[in-house]
Structure formats: structure tokens, C-alpha cells
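The values are calculated or read from the model by the stated rules, or taken from the named source; none is laboratory data. Since we're looking at a predicted model, the values are computed, not measured. Note: ideal-geometry Cβ built from the backbone for every residue, glycine included; neighbour counts use all protein chains shown. We work out accessible area using only protein heavy atoms, side chains counted, and drop any ligands, DNA or RNA first. Shrake-Rupley method; radii C 1.70, N 1.55, O 1.52, S 1.80 Å.
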Amino acid sequence: MAVELLFSPRGGALGALLLLLLPVFLPTLFSPLGHASPSMYSEWNVPKSKHQRLLRSALQRQTSEGELSDLWAPLASESWKPCAESSVAPSLPEKSEGFIQVFLDGGLNQQRMGICDAVAVARILNATLVIPYLEVNPVWRDSSSFMDIFDVDHFINVLKDDIRIVKELPSDFSWSTREYYATAIRATRVKTAPVHASAHWYLENVLPVVQSYGIAAIAPFSHRLTFDNLPMDIQRLRCKVNFQALAFVPHIRALGDALISRLRYPSTKSGGVGTNYLQEMPDVKEKQGAGKFVVLHLRFDKDMAAHSACDFGGGKAEKLALAKYRQVIWQGRVLNSQFTDEELRSQGRCPLTPEEIGLLLAALGFDNNTRLYLASHKVYGGEARIATLRKLFPLMEDKKSLASSEERAQIKGKASLLAAVDYYVSMHSDIFISASPGNMHNALVGHRTYENLKTIRPSMSLLGQLFLNKTLSWSEFQQSVVKGHESRQGQIRIRKPKKSIYTYPAPDCMCEA
């Protein structure tokens, strides 16, 4: 009867009304399966705890004052110190060979590494670098430019003795745009740069283009410069860019400073409005003293979950949602699909869920008074997925809880700026920990190593094996976790061949004292 009414002439209005209301009541049916689209699983199902026995014990945990003191103690000083500056004073040749443009894709941290490499390539070729062009990321859909994220004047000033940099091309080369290279094959575009190309490759293949046309545009560019067999002054220059020249724009730093202040002095958390981020309260700070906080980069978004073949405890609904997402995004392909969930976990190939990273932190000794700052993009499963972590750490904060909507207005909906704030806060935390390896993890591990700051790197294989053991007691779990992470708290690790200098800054960016 209802169907007949819907398709009858007098039911036309009713049918139109239903069609209009369906997206309101069933938004997931009309949303593209993009990164930010919630799944039916994340909206309607609450994932069950996969580690109930451990969770019950963790919620009753107690940590002694001595254990807490050791946990929060700064990283011991090692026989290494930053030395980003070259031992040879930089000197610019009298004349530049021409202009170099680079087009960078990826998220904030991938772009950051690309910028460092672009400066190095400009130096190798004695070319003038045009401020790098940041592509619109198809996942994050953020069109923020270099100047929206980084302090361009600081960037140019720090590197003024190393390379020539211009904010934009002179009028004679104004035709060299992204649109120009997108419409046809162009002689000035270099698109064949191999991944991790040598300095020699650039001298042989890119320099002639610059000399012939006065400009070369390299696209794609990410990961296009080797980490090995480069002159030390070029390596040191890359370090100088990463650790000194790349400063965020003032409003990012101001908002970051406000969040840090509110984490260290909770009673000053006022959620002020406008651009007056920091409201100094010296009396409160003097009486209270600075508190400590941990930054947790919770890398558990939909792409991360879908790109593995692991079981995250959401049951059939979750598996179906992830399978549909993979089909749309990657034609059904999935990493390590030939292995079982148990095999992947024992090999450390499964991302840690919010519950699992919470159990790790609890086992390390962080108690329920720990102030935890959550640095992450949208978590797959939403608040339901984070609920267990919040039970373990009720003083957990993020950008939304610490700052007003007015304060966040300039970064709202802009993934790169949101990530920049998280990066800034992470660099000022007492301890940083990332739930799973990735570009943000790698960048911050390297930067905090350079600054000798405590950074806990989860042992994925150890945790995978521990979580598979359902008979393990809390004391056994805790003992294994503590022992397994004694040497994973930011100690210097010497870079091995083909590894990134941005993740392993010694010995390229650091010298033995």
C-alpha cells in the first residue's frame, strides 16, 4: 500500500518529501566514501573491548611517586649535540643558473621533507628556488599554501646565505604554472626524477633544462633526493631547513602556545575568544607550578584501518564497512591480506587501537591524573572508539576541548593547519608517543631526537604478541611492556644506509660532543 501510494500521482509530493529527508536520517547512504565520511559502523555500533581482563586491572592501577618521577624524568644527555650548520661558511655564486619549481604532494610532514630536499637540489644546481607549490591532497582536500603554513620571511632569512629564494616568479616566467603543466607535455617540466635520485642525476638531467630555458619545474618531487652519498654540506643544509628554517606562521604558534599553557596550567583554561589567545595569569602559575603532559598521536583513521587486514573488534559491521571502503578507494586491495590477524599482530603489522595504546600507557606507569593531549585527525569509530582510552585517562584533551571555536576559526577544516598545531604542541610536550608509525611519527621522532626530548616508540611486535596472549596477567603484561620499552624513549639511533635523515638525524645533523 505504501509503495503504491509513493508511486501514484497523488503520492508524488510524499515521495519527493521522503527523498529530501533520506539524506538527513541516513547520511551515510548519500556521503561519498571519502576520508571524512562516517561509516554506518562508526555511527551505530560501539566496538567491544578486546582486552577486558587487562582493562579491568588497568582501571585499578596505582603508580608510586618514585615510578612517576622516573617516568617523567627528562631524557638523559648523550654524547651528541645538534650541528645543522656546515663547518664551511656558505657562499653564494655571483649568478644563479635559473629557477627551480617543485610541486609537493602528501600531507604536512611529507611536504615538509620535500621542502628540505628542494632547498638541497637548488643548492646542488646553483638555482633560485621558487617557494614550493603544495598540491591539494586528494585525501585531506586542503588547499593551504606554503605561506599559509610556514613563516616565509623567516624561511628566506635563515637560508639567505645558502640559496636564493623568491616568493614568486618574475613576469618573464609567469606562464610556468600548475595549470600550464597539466594541459600538455612541456619541455620545462621534469617528471622522470627517480625516487631517491642522486646529486649526479640532477646535474645530468635537470641542470641542462635550467640552463636552456631559465627554469625547470619538477613534478612529482616528493622523495626525489637520495639520503646517501651526498656532500656533508648538502646534508647539513637539509638539517638546517628542517630544524631551523621551517617555522610555522605566527597564528599557529600563538594557538599552540595557548594550548600548551592550558595543559601546563589547567586552571587558566578559559576558552578565550578572538585572537587574544594567551591570557597571562602569573599569580596562578606561581602558586601552581607548571604541570607535565603527554602528547599522543592517535593514528587510527579510516584509511589506516582499511589499509590493513587486521581485526579491530568491530565485528561484521566494521569488516563490511572497511571492505566497501577498500573497494571504492583501492579496488579491494589490502596490505598483507595473505596473513591471518594473529600472524599480522605477532609481526607488529597492526595499527594499535585507542584501547591498546591506552593499555600501553597505563602499563608504562602513567596514572589517571596524567594530562594527555590527543593529536590526531578524525578517529575511525568516533567517540565510541575513544571511550576506553578516556576511561583510562579522564584528563584527556584536544584542540576542541582546550580552545574556543573563535580561536580555532583560522584552522577549521584545514588538515595541514590542524596538523601544524599538533606538531607544535608535540614539540613542546614532556613526552611524545605515536600509536603507529607514519609520516607524523617519523618527523617528530627525528625532531625530538635532535632536541634530546623523551619520545616513546611502541614496540609493535612485542605488543602484538602480548595482546594475543589472553591468559596474561596485568603484572606480567606490565613487566614485559616496561622492559621492552627501556631503550625506546628517544635515545640516539645512528642512521643506516637509505634511511631518512629527518627520522635519524645522527650523524648527518648531529655531532658527537
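Results, tabulated for the structure shown:
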quantity	calculated
Residues being in a helix (DSSP H, G or I) and either closer than 22 Å to residue 58 by Cα or touching a helix residue (DSSP H, G or I) at 6+ places or on another chain (Cβ under 9 Å) (or both) - total across region 342-351	4
Of all residues in region 358-392 being among the hydroxyl-bearing types (Ser, Thr, Tyr) and under 19 Å from the mean Cα position of the chain (by Cα), the one that is nearest to residue 429 (Cα to Cα)	373
In region 410-457, residue farthest from residue 493 (Cα to Cα) [restricted to those that are aromatic (Phe, Trp, Tyr) and under 16 Å from the mean Cα position of the chain (by Cα)]	424
Number of the exception - residue 238 against (1) more than 19 Å from residue 116 (Cβ to Cβ); (2) within 29 Å of the chain's Cα centre (by Cα); (3) in contact (Cβ under 8 Å) with a residue 12 or more places away in the chain; (4) in a helix (DSSP H, G or I)	(1)
Of the criteria (1) buried (at least 18 other Cβ atoms within 10 Å of the Cβ); (2) part of a helix (DSSP H, G or I); (3) in contact with a helix residue (DSSP H, G or I) (Cβ under 7 Å, 6 or more places away or on another chain), which one residue 244 fails	(1)
Among residues of region 322-339, those that are out of contact with any Cys (no Cβ under 9 Å at 6 or more places or on another chain), closer than 26 Å to residue 470 by Cβ and surrounded by 13 or more Cβ atoms within 10 Å (Cβ to Cβ), counted	4
Of all residues in region 385-398 being open to solvent by less than 20 Å² (accessible area, probe 1.4 Å) and assigned to a helix (DSSP H, G or I), the one that is farthest from residue 302 (Cα to Cα)	392
Unmet requirement for residue 100, which otherwise passes all of (1) in a loop (DSSP other than H, G, I, E, B); (2) touching a Leu at 6+ places or on another chain (Cβ under 7 Å); (3) farther than 30 Å from residue 437 by Cβ	(1)
Unmet criterion (only one of (1) closer than 21 Å to residue 263 by Cα; (2) among the basic types (Lys, Arg); (3) open to solvent by 20 Å² or more (accessible area, probe 1.4 Å)) for residue 470	(1)
Residue 424 vs. criteria farther than 24 Å from residue 470 by Cα, crowded, with 17+ Cβ neighbours inside 10 Å and at pLDDT 95 or above	yes
Residue 319 being without any contact (Cβ under 8 Å) to a residue 40 or more places away in the chain and either surrounded by 21 or more Cβ atoms within 10 Å (Cβ to Cβ) or on the phi < 0 side of the Ramachandran plot (or both)	yes
Residues of region 175-197 satisfying the condition of being over 15 Å from residue 128 (Cβ atoms) and of a type in the set (Gly, Ala, Ser)	182, 184, 187, 193, 197
Check on residue 407, acidic (Asp, Glu), more than 22 Å from residue 488 (Cα to Cα), out of contact with any strand residue (DSSP E or B) (no Cβ under 8 Å at 6 or more places or on another chain) and open to solvent by less than 10 Å² (accessible area, probe 1.4 Å)	yes
Matching option when the condition is open to solvent by 40 Å² or more (accessible area, probe 1.4 Å) and modelled with pLDDT of 90 or more, among 43, 65, 85	65
Residue in region 133-141 that is in contact with a Lys or Arg (Cβ under 8 Å, 6 or more places away or on another chain) and either of a type in the set (Phe, Trp, Tyr) or surrounded by 21 or more Cβ atoms within 10 Å (Cβ to Cβ) (or both) present	yes
Which listed residue, of 307, 297, is open to solvent by 10 Å² or more (accessible area, probe 1.4 Å) and within 26 Å of residue 60 (Cα to Cα)	297
Qualifying residue in region 352-364 (condition: open to solvent by 20 Å² or more (accessible area, probe 1.4 Å), part of a loop (DSSP other than H, G, I, E, B) and not acidic (Asp, Glu))	no
So residue 493, is it in contact with a strand residue (DSSP E or B) (Cβ under 8 Å, 6 or more places away or on another chain), open to solvent by 10 Å² or more (accessible area, probe 1.4 Å) and under 27 Å from residue 308 (Cβ atoms)	no
Condition check for residue 209: surrounded by 20 or more Cβ atoms within 10 Å (Cβ to Cβ) and without any contact (Cβ under 8 Å) to a residue 24 or more places away in the chain	yes
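Let's see how each residue does on (1) open to solvent by less than 60 Å² (accessible area, probe 1.4 Å); (2) over 14 Å from residue 218 (Cβ atoms); (3) in a helix (DSSP H, G or I):
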position: 157; (1), (2), (3): no, yes, yes
position: 169; (1), (2), (3): yes, yes, no
position: 175; (1), (2), (3): no, yes, no
position: 179; (1), (2), (3): no, yes, yes
position: 187; (1), (2), (3): no, no, no
position: 200; (1), (2), (3): no, yes, yes
